[in-house]
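Below is one structure, written out as structure tokens, with a few remarks after it.
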Number of protein chains: 2
Amino acid sequence: MSNTKVNPDLQRERDKCTFNVTELINLIDGGVQKTEERKKQEDMVLSEGIHIEDVPSEYLSHKEKYELAVKKACLLFKVIRKMQEEDNAGMENYRAVLGGKLGSAILQDGSPLTLHYVMFIPTLMGQASVEQQVHWIGRAFDLNIIGTYAQTELGHGTFIRGLETTATYDPSTKEFVLHSPTLTAYKWWPGGLAHTANYCIVMAQLYTKGQCHGIHPFIVQLRDEETHMPLKGIKIGEIGVKLGMNGTNNGFLGFDHVRIPREHMLMKNSKVLEDGTYVNSPSSKLAYGTMMFVRVVLVTDMCNYMAKAVTIAMRYSAVRRQSQPKPNEPEPQILDYLTQQHKLLIGVASVHAFRLNADWLWNMYNNVTAELDAGDLERLPELHALSCCLKAVSTADAAECVERCRLACGGHGYMLASNLPSTYGLTTAACTYEGENTVLLLQTARYLVKAWQQAAGGNALTPTVSYIATVNSGRRLPPWENTIEGIIKGFQRVAAGKIGLCVSNIEKRQNTGLSYEDAWNMTSVQLASASEAHCRAILLYTYYTETEKIVNTVSPALRQVLLQLVDLYVVYWALQRLGDLLRFTSISEKDIDELQRWYEDLLTKLRPNAVGLVDAFDIRDEILRSALGAYDGRVYERLMEAALRSPLNAEPVNSSFHKYLKPFMQGKL
Amino acid sequence: MSNTKVNPDLQRERDKCTFNVTELINLIDGGVQKTEERKKQEDMVLSEGIHIEDVPSEYLSHKEKYELAVKKACLLFKVIRKMQEEDNAGMENYRAVLGGKLGSAILQDGSPLTLHYVMFIPTLMGQASVEQQVHWIGRAFDLNIIGTYAQTELGHGTFIRGLETTATYDPSTKEFVLHSPTLTAYKWWPGGLAHTANYCIVMAQLYTKGQCHGIHPFIVQLRDEETHMPLKGIKIGEIGVKLGMNGTNNGFLGFDHVRIPREHMLMKNSKVLEDGTYVNSPSSKLAYGTMMFVRVVLVTDMCNYMAKAVTIAMRYSAVRRQSQPKPNEPEPQILDYLTQQHKLLIGVASVHAFRLNADWLWNMYNNVTAELDAGDLERLPELHALSCCLKAVSTADAAECVERCRLACGGHGYMLASNLPSTYGLTTAACTYEGENTVLLLQTARYLVKAWQQAAGGNALTPTVSYIATVNSGRRLPPWENTIEGIIKGFQRVAAGKIGLCVSNIEKRQNTGLSYEDAWNMTSVQLASASEAHCRAILLYTYYTETEKIVNTVSPALRQVLLQLVDLYVVYWALQRLGDLLRFTSISEKDIDELQRWYEDLLTKLRPNAVGLVDAFDIRDEILRSALGAYDGRVYERLMEAALRSPLNAEPVNSSFHKYLKPFMQGKL
């Protein structure tokens, strides 16, 4: 990146940064070589120029947006195909380009082909028999067919057992009959389903010999391969405009007695024999695997969105000047206001916290799936509980972080040219998809309540909940320690305390005659809160311990900054949760005073490195796509350039003046 | 509203409502007659059918959206003109139709004519001399000219003194020369400025005889009245797509030495004589009036947005069924989950709380402006402090409420057909415009710090801060009372405690050698929090006392529900702010346990009236514009109907298949 024409305020920030930004970039990427690979990949993809738009897509109509998204997606995957042929890298490149920052640079509003790679192919790999894989996967990889994955229905989302679509086996023809018995049975939401995919994996209630065997996957052809016309009995279309992701081509799909061959049921696990006999799967728990995988990946996505938003807001805050607290002095950079540092620096710390937690969860995921393959299911519930609450908390925190960054940019953050509204659209969507957050928190709560009861029964606990037994071992509260370790212990005590209260409140309600389910429901606001508290304790602990491992490998200057960020994150959350700490630990008013001062001092210490820290996220301008956040800080020039690209500005007088406004002003309308 | 074809779940909710919905509708409107008037007005405007769209506007391109907005705005104001001629009602009807729910039914994405009525005409009335009013106001009222109001610049928003546009008086020609010396001096944001208005009030730094006299208003012609072409030296256009409000036609405006006659400076207050002599205004404080007025009106707007969102989410939650907590029982309505009640019922209570606070603030505003007219400025700072924090807290709470409602609708809340995303767009915009919220909270904090110092000096305090002296009169904390009054007193103690801590922290920092300004900045995170705490105390107190006045005038059944809502609101906020209460009052763990149970019981008690309570907001389907929230609860049918209106669904195969997708799949792209 060249320093020519960089805004002088921003240059001054970079000049005073105390650590080596490249060192941190490499650390985040996972090494110098990884950074080089990433940059090479970015160069290759961006050099194609697919991301350059004649008219910025936000000015287009909904239909035009879709057409542009198809064009860009095809061109992007052409490049990826080429990259794959060149270095034979397999799925890895797909992942990097699709899920990562790079894909969203080109298809910032979502891609109609994403589900083909993220759900269609992986489901074939995970659920199709070997014969079926031979038949389908090659065609899917070569993009002779384009698929998607249809599970959610108009009337049913998170509760999968409630799905209504039926697949009834007809032994006389050896076919399944797919049918949507009601309007609410229509598939609704799948990306690429509306006008892009010609094949689809459909989750449906399997009926054979008059019996229902629950949800199973079927592969269904939707459209003619030549003409793309919907096949007979297939009722298909798009679901309409959304808050964001309008390039994803989300669709609906209804079946009117559509017949598919028996072989189109994916039969790696359960099977239906020719005569209609149902053969159960030996390992139905394995189906959880994909869902957990997606949730783990989501935590990393959230880091990318937060990093984008905080980069934009931080650079803008270094350039923007406002107000005049001291007479005869120039207006300060808004980054000099403590309230602004408060809004933004926690965002930087959150990116690091969630990044290290995502890595840690990823390792655990790999260990547990390796154990699964060896037939050991023991740690599956723990992983499930963790992936649920980390998905819920990371998406909620990320959405709040992005929105706080947007609001911290004042009115200009409301402009799409800032790229903050679209980033929020992508982030907040994740609060709902892959499991609604409250539902997920309550799933973790079930695990925590069980763990509590195990501990009460004197049983050993799995590692991530072992603190429940530890903190409850003494009768009296230990003295409060105003240190990072002390705060983390405090958060564990809070989580344990809240779980304990929930258990006792459920019992009390059962004692008044309520069923367990009703007692659970009446306590569910507290249960969700206990689950969140557990997740906070995990987040703080993991961020702290993983950073402690890293800091010995880096330069002293970087080490100092990384530890300051951990301190900031932990102290910030202590101040956010004073009520919990006051209830469940022995923290005193004097401790709180000290924490507040500690926090304010940390903001002041991190202030000189604020821009360096976001530069270290190393998000190229083409990927950031923000008039406010570009590396050169030419905020106002870029806002004006963006405005001048509006098609409305192509003519000095809009036709509506002659058609409506003038007659109206003359009283002739 | 007819009950035919109403979703049976929703009908069952209405059947079990314990109070008379019409009674509450009338209470909210301000009486039976007011309800009738409102309905008549709604009928008149909606019967014109302007709100009916061939293609829903969200599918249009940005340019087409603007053209539709101009058409609709012209037709809407034609109706209003007719209404005015018929019953001679003056500005009242403009307000009702424009600011209220009705205007946004027709122009849900903002109107390019709003600023003409809300800012251009009022500024002429407030700041133009009598002669100038004679010249301009008639033309403005008759819409021979269309105006807007340009204050904010690309580089300057909330800090008005920093504006850069200059108006330099030239006595030789008796003209002002308007000029934008820099890019950041460009006016940026004014609604209707881009392609709609032909006149504009411009706020600029006044220079005469070589001296700057600060910001003054000037009326400037922007476009030729016949051709609508921009005049010489006027650089004008639109600023581009935004998160919402894309019908408002926000514009930019630069001046290249544009000359206007001396008489175009608005001279009700300050003046420039022919020879260039500047004559100062005797009452520059009066300029605050309009700003405060707008902030007061904003609080009411926020009630409308929250009422919309909570109506949509509540009705949807009565229709939507999910999960199966008890085997062999049907899936419950999601409204039966305590977590869902927790998300939504607080929204209902918030609407009532902010509505009563808005009325109370409105009365105070009228009293203070009457005192002002009589030359008494004493309560102006108090009103200013109140309007700042209430604007900040009401917009922040409303945005959070709308977003919580949207997320409570799961994936379907992400669809524009729910109308929740657009409602959020309108609500969150208010967090920034008319004063950025953090800046406003800190303005209130200045007043609170002064009040604290007055109290410390033994001086009397104005009514809304008098609690600062009261709660500090005793040395020891009084015992906690677990009642509504006790909690409200607790919140006053929290606010006073936080203000006191801020004062002492500022002093401590000054004692270490920091300037007052730097000490203030270092304490500003705490100051903003103290200001918010003050506002919470006001909100709770006013909601409680104003409701107490009302409940004696209503039926016992309604009285019970209204009091339950107050209880819910107060207990909810106590639970949200346990940390503060634990720090500054003598609340105990047992009290907290009771509060939690009290809260859960209140949710259960209010549950049967949940739908009745939102029905009482009486928002017609045409105004609600939501597939999820319509009165009949035909959620899924309406979602499908909305989807089928997408232009993408007009053709079974989109042209992009032949153009890109097929060649791509065949490897020929």
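The values are calculated or read from the model by the stated rules, or taken from the named source; none is laboratory data. Remember, predicted model here, so these are calculated numbers, not experimental data. So basically every Cβ, Gly included, is an ideal-geometry build from the backbone, and we count neighbours across all protein chains shown. The accessibility values were calculated without ligands, DNA or RNA, using every heavy atom of the protein model including side chains. Shrake-Rupley method; radii C 1.70, N 1.55, O 1.52, S 1.80 Å.
Among the residues of segment B:30-58, those identified as under 24 Å from the mean Cα position of the chain (by Cα) and open to solvent by less than 50 Å² (accessible area, probe 1.4 Å) are B:Thr35, B:Arg38, B:Gln41, B:Glu42, B:Val45, B:Leu46, B:His51, B:Ser57.
The number of residues in segment A:224-239 being under 30 Å from A:Ala105 (Cα atoms) and free of Cβ contacts under 8 Å to residues at least 40 places away in the same chain comes to 1. Would you pick out the residues in segment B:386-414 that are among the polar types (S, T, N, Q) and closer than 16 Å to B:His534 by Cβ? Once the filter is applied, which keeps residues that are among the polar types (S, T, N, Q) and closer than 16 Å to B:His534 by Cβ, segment B:386-414 yields B:Ser387, B:Ser394. Could you name every one of the strands (runs of 3 or more DSSP E) located completely within segment A:199-284 that has at least 3 residues being within 26 Å of the chain's Cα centre (by Cα) and crowded, with 22+ Cβ neighbours inside 10 Å? Hits in segment A:199-284: A:199-208, A:251-255. Taking the conditions (1) part of a helix (DSSP H, G or I); (2) on the phi > 0 side of the Ramachandran plot in turn, A:Arg161 satisfies each one other than (2).
The condition (being farther than 26 Å from A:Val130 by Cα and not assigned by TED's automatic domain parsing to the domain that holds A:Phe354) is satisfied by just one residue among A:Leu243, A:Leu222, A:Leu206, A:Leu266: A:Leu243. Filtered by the rule that a residue be part of a loop (DSSP other than H, G, I, E, B), open to solvent by 30 Å² or more (accessible area, probe 1.4 Å) and within 12 Å of chain A (Cβ to nearest Cβ), segment B:582-616 gives a lone residue, B:Ser588. Within segment A:418-436, the only residue that satisfies the criterion of being in a helix (DSSP H, G or I) and open to solvent by 20 Å² or more (accessible area, probe 1.4 Å) is A:Ser422. Can you spot a residue in segment B:541-550 that is at pLDDT 95 or above, in a helix (DSSP H, G or I) and of a type in the set (A, V, I, L, M, F, W, C)? Checking segment B:541-550: at least one residue is at pLDDT 95 or above, in a helix (DSSP H, G or I) and of a type in the set (A, V, I, L, M, F, W, C). Looking only at residues of segment B:248-297 that are modelled with pLDDT of 95 or more and of a type in the set (Phe, Trp, Tyr), we find that the one that is farthest from B:His62 (Cα to Cα) is B:Tyr278. Against the test of being β-branched (Val, Ile, Thr), touching a helix residue (DSSP H, G or I) at 6+ places or on another chain (Cβ under 7 Å) and outside any helix (DSSP H, G or I), the options B:Val525, B:Val554 yield a single qualifying residue, B:Val554. Where helices (runs of 4 or more DSSP H) fall entirely within segment A:1-118, those with at least 1 residues that are modelled with pLDDT under 90 are at A:32-46, A:62-87, A:91-99, A:101-106.
Screening the candidates B:Gln443, B:Gln454 for the property of being open to solvent by 10 Å² or more (accessible area, probe 1.4 Å), farther than 24 Å from A:Ala408 by Cβ and more than 10 Å from chain A (Cβ to nearest Cβ) yields one hit, B:Gln454. Residues of segment B:633-666 that are open to solvent by less than 60 Å² (accessible area, probe 1.4 Å), farther than 30 Å from A:Leu183 by Cβ, more than 7 Å from chain A (Cβ to nearest Cβ) and not basic (Lys, Arg): B:Pro663 alone.
Can B:Gln340 be described as closer than 21 Å to B:Trp573 by Cα and either in contact (Cβ under 8 Å) with a residue 40 or more places away in the chain or within 33 Å of the chain's Cα centre (by Cα) (or both)? Yes; evaluated as a whole, the condition is true for this residue.
In this structure, does B:Thr152 turn out to be modelled with pLDDT of 95 or more, crowded, with 22+ Cβ neighbours inside 10 Å, of a type in the set (Val, Ile, Thr) and touching a Pro at 6+ places or on another chain (Cβ under 8 Å)? Taking the combined requirement at face value, the residue does not satisfy it.
Contact map, segment B:410-422: residues that are more than 7 Å from chain A (Cβ to nearest Cβ) and closer than 17 Å to A:Glu436 by Cα paired with residues that are part of a helix (DSSP H, G or I) and among the small types (Gly, Ala, Ser), Cβ distance under 7 Å, separation 6+ or inter-chain. Pairs shown: B:His412/B:Ser418. Residues in segment A:489-519 that are part of a helix (DSSP H, G or I), under 19 Å from B:Pro325 (Cα atoms) and either touching a helix residue (DSSP H, G or I) at 6+ places or on another chain (Cβ under 6 Å) or open to solvent by 20 Å² or more (accessible area, probe 1.4 Å) (or both): A:Cys502, A:Val503, A:Ile506, A:Glu507, A:Arg509, A:Gln510, A:Tyr516, A:Glu517, A:Asp518, A:Ala519. You will find that of B:Thr438, B:Thr432, the residue that is within 12 Å of another protein chain (Cβ to nearest Cβ), at pLDDT below 95 and within 27 Å of the chain's Cα centre (by Cα) is B:Thr432 and no other.
In segment B:554-574, the residue that is nearest to B:Asn609 (Cα to Cα) out of those that are out of contact with any Phe, Trp or Tyr (no Cβ under 6 Å at 6 or more places or on another chain), touching a residue at least 24 places away in the same chain (Cβ under 8 Å) and surrounded by fewer than 17 Cβ atoms within 10 Å (Cβ to Cβ) is B:Gln560. The single condition among (1) touching a residue at least 40 places away in the same chain (Cβ under 8 Å); (2) among the charged types (D, E, K, R); (3) open to solvent by 10 Å² or more (accessible area, probe 1.4 Å) that A:Glu382 does not satisfy is (3).
Here A:Ala627 passes the criteria (1) within 13 Å of chain B (Cβ to nearest Cβ); (2) crowded, with 19+ Cβ neighbours inside 10 Å; (3) part of a helix (DSSP H, G or I) except the one numbered (3).
Total residues in segment B:633-669 satisfying the condition of being within 25 Å of A:Thr152 (Cα to Cα) and of a type in the set (S, T, N, Q): the figure is 3.
Selection over segment B:60-76 of residues that are facing chain A (nearest Cβ under 7 Å) and either hydroxyl-bearing (Ser, Thr, Tyr) or under 26 Å from the mean Cα position of the chain (by Cα) (or both) gives a count of 7. Specify the residue that is nearest to the other protein chains (Cβ to nearest Cβ); the eligible residues are those in segment A:294-352 that are in a helix (DSSP H, G or I) and acidic (Asp, Glu). The qualifying residue nearest to the other protein chains (Cβ to nearest Cβ) is A:Asp336. Note on segment A:40-59: among residues that are touching a residue at least 60 places away in the same chain (Cβ under 8 Å) and of a type in the set (A, V, I, L, M, F, W, C), the one that is farthest from the other protein chains (Cβ to nearest Cβ) is A:Leu46. Taken over segment A:164-198, residues that are part of a loop (DSSP other than H, G, I, E, B), over 21 Å from A:Tyr149 (Cβ atoms) and touching a Lys or Arg at 6+ places or on another chain (Cβ under 9 Å) amount to 3.
Given the structure, is A:Leu648 within 23 Å of B:Tyr66 (Cα to Cα), touching a helix residue (DSSP H, G or I) at 6+ places or on another chain (Cβ under 6 Å) and at pLDDT below 95? Here the answer is no, as A:Leu648 does not meet what is asked.
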